[in-house]
Amino acid sequence: MKTNSNNEKWWIDFFKGDFTEVVLNQQAAETVSFMKEVGQVLPGMNAFDQCCGKGYLAHELDKAGLRVTGIDISEPYIEYARTRLSSERTAFVLGDAETYLRPAAFDISINWNTSFGYHEDDEENERMLIPFSENLKEGGQFFFSTMNPLFIARHFQRFIVKQVPSGDSTIITIRESRIERGMMKSDWLIVYPDGRRETAYGQTKLYSVDQFRAMFLRHGLLVEKVYGDIALSPYDEDHPSMILYGHKKQ
Ligand SMILES: C[S@@+](CC[C@H](N)C(=O)[O-])C[C@H]1O[C@@H](n2cnc3c(N)ncnc32)[C@H](O)[C@@H]1O
């Protein structure tokens, strides 16, 4: 199974269809509870949701009384987010999150659910951290979550098949993955209830916690806590995520 792995900006094609619901782990309410447990997430705070997707997390933060600005490059996602949530507190911006600058405007920066590391080149990836850090006030908090390379090394599965409920029927996805040049590369085949088939390609660079610590530090961000999921599990080979929490230096 081979799809469009030469597409430089693969994410523009990837993040638009219904099937991406399957890829995104939508546990927004639980995520906000986790954030409140780990950091200080209070009504009235300004939060920057970098690569906000369809705005699920922004919506939950808005319900918790925060003022959220979400940015995403996917037009259908931003349209969905705006339609679903019209709140005076929360705004959704269509644009490139690597260049969206509002210096020191936020108390919290969030980059959630593997929205980092889409390029092969490390310097290109690191560009995402410029607004992530610059948009944060001194002493502000950040939450970041991505794939856990330790988990992938131990539990690697070449094929993952899922059936996902869609109305009265199901969408079937077959994901074939490989690790190549430090990246998790996946080809997807999606079969819709009406028999329609689509293919998609996605890739994410895998970084260790130490590599992230060093990268974050270059942007004035101190990683203070690391978790393996939103149930506060330890970061190790048996928990699927890498969640980083910390502060911007004063
Ligand atoms: C895996 S999804 C996660 C979405 C969201 N954070 C969530 O938790 O549901 C990654 C998102 O990043 C967005 N994205 C990727 N590169 C981007 C960029 N340079 N600027 C803005 N959005 C980007 C994609 O459109 C997609 O919505």
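Tabulated results
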{"read-out": "Cα-centred dipole magnitude for the stretch 87-219, charges only on beta-carbon of K, R (+1) and D, E (-1), debye, nearest 20", "value": "480"}
{"read-out": "For LEU101, LEU150, order by how many other beta-carbon atoms lie within 10 Å, fewest first", "value": "LEU101, LEU150"}
{"read-out": "With eigenvalues of the C-alpha gyration tensor scaled by 5 and rooted, the stretch 1-139, Å", "value": "25, 18, 14"}
{"read-out": "DSSP beta bridges in the chain [antiparallel fraction, %, rounded to 5]", "value": "70"}
{"read-out": "The stretch 161-250: GluC sites (Glu not before Pro) falling in loop per DSSP and having at most 16 other Cβ within 10 Å", "value": "GLU237"}
{"read-out": "Farthest toward positive dipole pole in the stretch 10-104 [+1 Lys/Arg, -1 Asp/Glu at C-beta], among MET45, THR99, GLY55", "value": "MET45"}
{"read-out": "Proximal lysines to LYS249, defined as alpha-carbon separation beneath 27 angstrom and excluding residues fewer than eight positions away on the same chain", "value": "LYS36, LYS137, LYS205, LYS225"}
{"read-out": "The stretch 126-182: chymotrypsin sites (Phe, Trp or Tyr not before Pro) falling in loop per DSSP and having at most 15 other Cβ within 10 Å", "value": "PHE156"}
{"read-out": "Distance-filtered residues of the stretch 140-177 - backbone nitrogen under 14 Å, label point 7 angstrom along ASP238 Cα→Cβ", "value": "151, 154-155"}
{"read-out": "Highest-fluctuation residue, ASN125, ASN135, ASN148 considered, GNM on the chain with Cα pairs under 10 Å", "value": "ASN125"}
{"read-out": "Dipole magnitude of the stretch 151-203 about its Cα centre (Cβ charges: Lys, Arg +1; Asp, Glu -1), debye to nearest 20", "value": "320"}
{"read-out": "Cα coordinate range in the chain, projected on the principal axes (Å, largest first)", "value": "52, 40, 32"}
{"read-out": "Extension reserve of the ALA104-THR170 stretch, reckoned as 0.36 nm per residue once the Cα distance is removed", "value": "19.3 nm"}
{"read-out": "Among ILE243, SER169, LEU232 the positive-end extreme of the charge dipole of the chain (Cβ point charges)", "value": "LEU232"}
{"read-out": "When the stretch 151-203 is reduced to its Cα atoms, the Kirkwood hydrodynamic radius in Å", "value": "12.1"}
{"read-out": "Per DSSP, loop trypsin sites (Lys or Arg not before Pro) in the stretch 142-250 with at most 15 further Cβ within 10 Å", "value": "ARG158, ARG181, ARG196, ARG218, LYS249"}
{"read-out": "Length added when fully stretched, THR83-GLN157, from 0.36 nm per residue minus Cα-Cα", "value": "22.9 nm"}
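Since every read-out is calculated from the coordinates, none of them should be taken as a lab result. If you're wondering where the values come from, they're calculated on a predicted model, not measured in any experiment. Cβ sites come from the backbone with ideal geometry, for glycine too, and all protein chains shown count toward neighbours.
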